[in-house]
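Colleague: I am attaching a structure below and will ask some questions about it afterwards.
Computed from the coordinates by the stated procedures, all read-outs in this text should not be read as laboratory data. On a predicted model such as this, the values are computed, not experimentally measured, just so you know. Cβ placement follows ideal geometry from the backbone for every residue including glycine, while neighbour counts extend to all protein chains displayed.
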Amino acid sequence: MNHALRGKSAIVGLGVAGLGESPGLTSWDIMAQSAQTALADAGLALKDVDGLFCAMMEDSMPVLMAAEYLGIRPRYVDGTLTGGSSFVNYLASATAALDAGLCDVALVCYGSNQRTASGKLVTASRLPPYEAPYKPRYPVSGYAMAAQRHMHKYGTTREQLADVAVAARDWATHNPEAFMRDPITREDVLASRMVSDPLSKLDCCLVTDGGGAMVLTRADRAKDHAKTPVYILGAAAESTHRQISQMPDFTVTAAVESGKRAFAMAGVKPSDIDVLELYDAFTINTILFLEDLGYCAKGEGGAFVADGRIAPGGSLAVNTNGGGLSCTHPGMYGIFTVIEAAHQIRGTAPGIKLDGVDLALAHGNGGVLSSQVTAILGSEATL
Amino acid sequence: MTPDKHFRDGLVAGEIRLQRCSSCHAHIFFPRVLCPACHGTDLDWVNASGQGEVYTFTTVRQRPEKGDDYNVSMIELAEGVRMMTRVDGDPCDVAIGMRVFAYVGEIDGKPAVLCRKTEE
């Protein structure tokens, strides 16, 4: 019954660098510091890396630039760019490459200095030609239109969207690595400046500097490293569109399919998962992904997140680092969903450490709800 | 002529040109060389009726010094295709399900599909 790749690879090193503000460092510098930190965590060095998985906003061939900067000559690379989901996607390709012997030590890394460099979201993507004339604010207007449709179809309210932001901030108040740690209320979110209706400033992710990296090896050698391995039990992707106008239904994401296949590969069900790290670029994301991953019925996500259910002390632990809304969001956040999920299993999370986490879900989103990638991570007990 | 060019030439002529698949009869937007529904390659061109409905929308807010707030809408045309456009008038008056008429207007001096509200 087990999928051929279930549990075949493990995360053996985690690292972050330059979270928040890192004046004087380029995106490449932050990427490299993250890589060094993750390798040191694993008890490995750059000379051991023979597989490189990297996407950056600054270059059209970022994986080559990264290899050159790091002074390595990887024999397997993947620079697939599906937006912020890329780094969750690399869990699938790295696992396949490791299992096939195409590489032995896989380094996944990312960095961005966009807060100190420009203060605005830096994106390598240009607006699609059939949308550009209408000047949607990219990417927030796409998410705003999804939120508007969800509100119209299911009665979701701005208050419920705000509850997502409040829960994320509650988690962040306990995390010294989080960029925004002052508690906020529903009223604060509702009163913040409107950006693209119905999303206001506090419905939107942060713009920070920061980098993250992780090191993967085959499971059979994972225990030789310094830290408790975190196994990749499932990883699956699906995409539906690139231009938001082409999204089949603005209230249903491809997470329905990526989640279904990731759970099947891992041989677990949604209720088995101890903690969820969902790519919350905007508050509507968390609601959509909770629905699409099977935590509540379609349309009930707004009511589901109310009353602190996903906040610290609630019945479902979601975005325990504070998420992209309150912890960090250096352009692409996907890698941080995996890093926090792995930390929770290892018991090394920088903020609130949950007890007894054996199964964690990391979900990456890319583009304008375009690419969805779900990964299920597990402790040794889940193998 | 590329499908994209044929579409853009249509705008210059004041027409909203859509493709229609001869195999599955789906209308297609944006223009391309195959049908995304059935992957057939025998495509015709038709002019859109202009009849449409707001699928969803947003108001892009601007700091006053940058200009007025403006509407961005997703319109579903009667032919079944969806496209990004702008509904004329006060952005606060736009609502999902509102009937609109799509026409060729101008944005920044270039022809573009715009929409106006239809009287009920």
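Colleague: Dipole size in debye (nearest 20) for the range B:1-47 around its Cα centre, Lys and Arg Cβ +1, Asp and Glu Cβ -1?
Modeller: Its charge dipole is roughly 80 debye.
Colleague: Cβ neighbours within 10 Å, averaged per peptide: list A:229-240, A:96-107 in order, most packed at the top.
Modeller: Result, highest mean Cβ count within 10 Å first: A:229-240, A:96-107.
Colleague: Which entries in A:K269/A:K353; A:K298/B:K117; A:K47/A:K223; A:K153/A:K201 show an alpha-carbon gap greater than 26 Å?
Modeller: On the way: A:K269/A:K353 23 Å; A:K298/B:K117 31 Å; A:K47/A:K223 20 Å; A:K153/A:K201 23 Å.
Going by Cα-Cα distance, A:K298/B:K117 fall outside the 26 Å limit.
Colleague: Nearest 20 debye, what's the magnitude of the dipole of the protein assembly as shown about its Cα centre given +1 on Lys and Arg Cβ and -1 on Asp and Glu Cβ?
Modeller: It works out to roughly 480 debye.
Colleague: When DSSP assigns beta bridges and you keep just the ones with both residues in chain A, what percent turn out antiparallel, to the nearest 5?
Modeller: Rounded to the nearest five, the antiparallel share is 75 percent.
Colleague: Using only Cα atoms, tell me the angle between helix B:3-12 and the longest principal axis of chain B; keep it within 0 to 90° and round to the nearest 10.
Modeller: So the inclination is approximately 50 degrees.
Colleague: While we're on this one: Per-residue Cβ counts within 10 Å, from other chains only, averaged over A:142-148: what number is that?
Modeller: Partner-chain Cβ atoms within 10 Å, mean over residues of A:142-148: 5.
Colleague: Can you tally the net charge around B:L34? Count Lys and Arg as +1, Asp and Glu as -1, for every other residue whose Cβ sits under 15 Å from the Cβ of B:L34.
Modeller: -1
Colleague: Using θ = phi - 60° and the Karplus curve 6.51 cos²θ - 1.76 cosθ + 1.60, what whole-Hz ³J(HN,Hα) does each residue of the range A:75-85 get, with Gly and Pro shown as x?
Modeller: 8, 9, 10, 9, x, 3, 10, 10, x, x, 7
Colleague: OK, next. Roughly how crowded by other chains is peptide B:72-79, in terms of the mean Cβ count from those chains within 10 Å of each of its Cβ atoms?
Modeller: Neighbouring Cβ atoms belonging to other protein chains average 3 per residue here.
Colleague: Related question: Taking the Cβ of B:C92 as the center, what net charge do the other residues with Cβ under 12 Å away carry, scoring Lys and Arg +1 and Asp and Glu -1? The partial results should precede the final answer.
Modeller: Details: positive: B:R61; negative: A:D197, B:D68, B:D69, B:D90, B:D93.
Here the count lands on -4.
Colleague: Please report, in whole Å, how far the alpha carbons of the range B:49-120 spread along each principal axis, starting with the longest.
Modeller: The principal-axis extents, from largest down, are 39, 26, 21 Å.
Colleague: Continuing with the same structure: Considering every residue in A:237-245, what mean count of other chain Cβ atoms within 10 Å of its Cβ is obtained?
Modeller: Per residue, the number of nearby Cβ atoms from other chains is 2 on average.
Colleague: Considering only the other residues whose Cβ falls under 13 Å of the Cβ of B:P111, what net charge follows from Lys and Arg at +1 and Asp and Glu at -1?
Modeller: Charge balance near B:P111 sits at -1.
Colleague: Per 20 Å bin from zero, what fraction in whole % of the C-alpha pairs of chain A is there, up to the bin with the longest pair?
Modeller: Histogram of Cα-Cα distances, whole percents per bin: 32, 61, 7.
Colleague: Highest first, please rank the peptides B:8-15, A:363-370, A:20-27 by the mean number of other Cβ atoms sitting within 10 Å of their residues.
Modeller: Taking the mean over residues of other Cβ atoms within 10 Å, the ranking is A:363-370, A:20-27, B:8-15.
Colleague: I would also like to ask the following. Given the -39500 (n - 2.57) contribution per DSSP H run of 4+ residues, what per-residue ellipticity at 222 nm results for chain A, rounded to the nearest 500 deg cm²/dmol?
Modeller: Here the helix-only value at 222 nm equals -9500 deg cm²/dmol.
Colleague: Something else: So how strong a dipole does the range B:49-120 carry about its Cα centre when Lys and Arg Cβ are +1 and Asp and Glu Cβ are -1, to the nearest 20 debye? Provide the component values of the computation, followed by the final result.
Modeller: Details: 9 positive and 13 negative charges, 46 e Å.
The calculation lands at about 220 debye.
Colleague: Ranked highest first by average number of other Cβ atoms within 10 Å, how do A:169-182, A:126-139, B:98-111, A:77-90 line up?
Modeller: In descending order of packing, they fall as A:77-90, A:169-182, A:126-139, B:98-111.
Colleague: While we're looking at this one, here's another question. Which Cys in the protein assembly as shown stand alone, with every other cysteine's Cβ at 4.7 Å or more from theirs?
Modeller: Singleton cysteines: A:C54, A:C103, A:C109, A:C204, A:C205, A:C296, A:C327, B:C92, B:C115.
Colleague: Which order do B:F57, B:F29 fall in if you start with the one that has the fewest other Cβ atoms within 10 Å?
Modeller: Fewest to most other Cβ atoms nearby, the residues stand as B:F29, B:F57.
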